[in-house]
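J.: Sharing a structure, written as structure tokens. Questions coming.
The values are calculated or read from the model by the stated rules, or taken from the named source; none is laboratory data. Quick caveat: nothing in here was measured; it's all calculated off a predicted structure. Every residue, glycine among them, receives a Cβ derived from its backbone with ideal geometry; neighbour counts consider all protein chains shown.
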Ligand SMILES: Cc1cc2nc3c(=O)[nH]c(=O)nc-3n(C[C@H](O)[C@H](O)[C@H](O)COP(=O)(O)OP(=O)(O)OC[C@H]3O[C@@H](n4cnc5c(N)ncnc54)[C@H](O)[C@@H]3O)c2cc1C
């Protein structure tokens, strides 16, 4: 069978690209190896799909080329996607920090995309495994359901996170086949594992509002103790910037200056750890203070003691050896090198007619709806260029 464009991957970016191509009169065929379309959308945002972020800018993405995403993001904005969601009468709300979630279930977003696909006369073949891709004058894609030919081929197979719902490294294999460079991949938006002995083992489930800094980036949200290290939104955000083996700095009382608080109570005979239990979770203070702080009454603390308390509370540093891996990661850092692609169209510079969109590309968003916005925007960029 011959068509205008074949899109491999029936996820967020692939469906969106197909819709746009179809709107412009192109015959689009989507090949998806899962029996169900858009599985990652369905499980996203805790089942409510955080489908965009109102504050999206290129600064919310990590990529070897931080400017690459700018053009596509500017041409398809969160407001454009919101308009589509409204047109489909999907109820949504802003949870925090510009993050838009469905009020109902994520399925509604998949249904919306499938409805738009029908309107655009997109053909979708689920349960279809791609066996081989060849390029002569056209692309020839051999699958478990026959052979298809097209003028253009779009790779929208996503990244490596959540292999249990069908994530594969397929897109990187296609890039290699065509001599296209790949930036090293690793799990991200993922909990981190402490290096060395875990002195906080007993604290799993406890969370603290903290400011977390890695490199030049700081995020203020909760951190959550796990059995092996730390999770929570601030840690997931930091994982986009953390380097394996590296340290992370924590401000455990970002809203308050501990030296001022102690000085205001300098005549008190209350012991420092008991005083801190009024500011931080008790069990955390018991473990943290016993190891790192002078356990003296406030009226016996020297200026030096207060300096060291300030360092521990506002600049606590901890090293992590690894992440919790692909099974827990929401996204993939790295991917198809942006230096190989047109930032306007997502077409490979070396291989006319071959496009890469969505998470398979070396563009990784922060937690909070940014990754879907990249999927829509890059899908739209390719869809309008096809
Ligand atoms: C648990 C979880 C929650 C998330 N929540 C959010 C959120 O709320 N907001 C947000 O912005 N981002 C979220 N993300 C990230 C977001 O889901 C992804 O960044 C986004 O789905 C990427 O879109 P994509 O189309 O590039 O890839 P995907 O949506 O992953 O689509 C790729 C598709 O390709 C298919 N495929 C793979 N290999 C092949 C092959 N060989 N042949 C055929 N088909 C293939 C896959 O089955 C899949 O359907 C979440 C991720 C996870 C894991």
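J.: Restricting attention to the range 76-104, which residues are touching a residue at least 12 places away in the same chain (Cβ under 8 Å), within 15 Å of the ligand (Cβ to nearest atom) and surrounded by fewer than 14 Cβ atoms within 10 Å (Cβ to Cβ)?
T.: The answer is 94, 103.
J.: Let me ask another. Just give me the residues in the range 130-144 being outside any strand (DSSP E or B) and surrounded by fewer than 14 Cβ atoms within 10 Å (Cβ to Cβ), in sequence order. Before you say what the answer is, go through the steps one by one.
T.: At the first step, the residues of the range 130-144 found to be outside any strand (DSSP E or B) are 136-138, 144.
If the condition is that a residue be outside any strand (DSSP E or B) and surrounded by fewer than 14 Cβ atoms within 10 Å (Cβ to Cβ), then 136, 137, 144 are the ones that fit.
J.: State all residues of the range 189-247 that are in a strand (DSSP E or B), out of contact with any strand residue (DSSP E or B) (no Cβ under 7 Å at 6 or more places or on another chain) and over 21 Å from residue 364 (Cα atoms); if no residue qualifies, say none. Even if it seems obvious, please write down each step before you answer.
T.: Step one: list which residues in the range 189-247 are in a strand (DSSP E or B), which gives 192-194, 207-214, 217-225, 229-231, 247.
Adding the requirement that they be out of contact with any strand residue (DSSP E or B) (no Cβ under 7 Å at 6 or more places or on another chain) leaves 217, 221, 225.
225, the sole residue that qualifies.
J.: I would also like to ask the following. Within the range 342-365, track down each residue that is near the ligand (Cβ under 9 Å from one of its atoms) and part of a loop (DSSP other than H, G, I, E, B). Give the derivation first.
T.: The initial filter retains those residues of the range 342-365 that are near the ligand (Cβ under 9 Å from one of its atoms), namely 357-361, 364-365.
Listed by number, the list holds a single entry, 357.
J.: Here's something else I'd like to know. Condition first: part of a helix (DSSP H, G or I) and surrounded by 21 or more Cβ atoms within 10 Å (Cβ to Cβ). Now tell me which residues in the range 113-129 satisfy that.
T.: Within the range 113-129, 113, 117 qualify.
J.: Pairs, please: C-beta under 6 Å, at least 6 apart or cross-chain, first residue touching a residue at least 60 places away in the same chain (Cβ under 8 Å) and assigned by TED's automatic domain parsing to the domain that holds residue 73 and in the range 368-386, second within 7 Å of the ligand (Cβ to nearest atom) and in a helix (DSSP H, G or I)?
T.: These pairs meet every condition: 372/12; 375/12; 375/13; 375/358; 378/13; 378/358; 379/13.
J.: Yes or no: residue 181 farther than 17 Å from residue 323 by Cβ, away from the ligand (no atom under 16 Å from the Cβ) and either assigned by TED's automatic domain parsing to the domain that holds residue 13 or at pLDDT below 95 (or both)? Walk me through how you get there before you give the answer.
T.: Working: farther than 17 Å from residue 323 by Cβ: yes; away from the ligand (no atom under 16 Å from the Cβ): yes; either assigned by TED's automatic domain parsing to the domain that holds residue 13 or at pLDDT below 95 (or both): yes.
Here the answer is yes, as residue 181 does meet what is asked.
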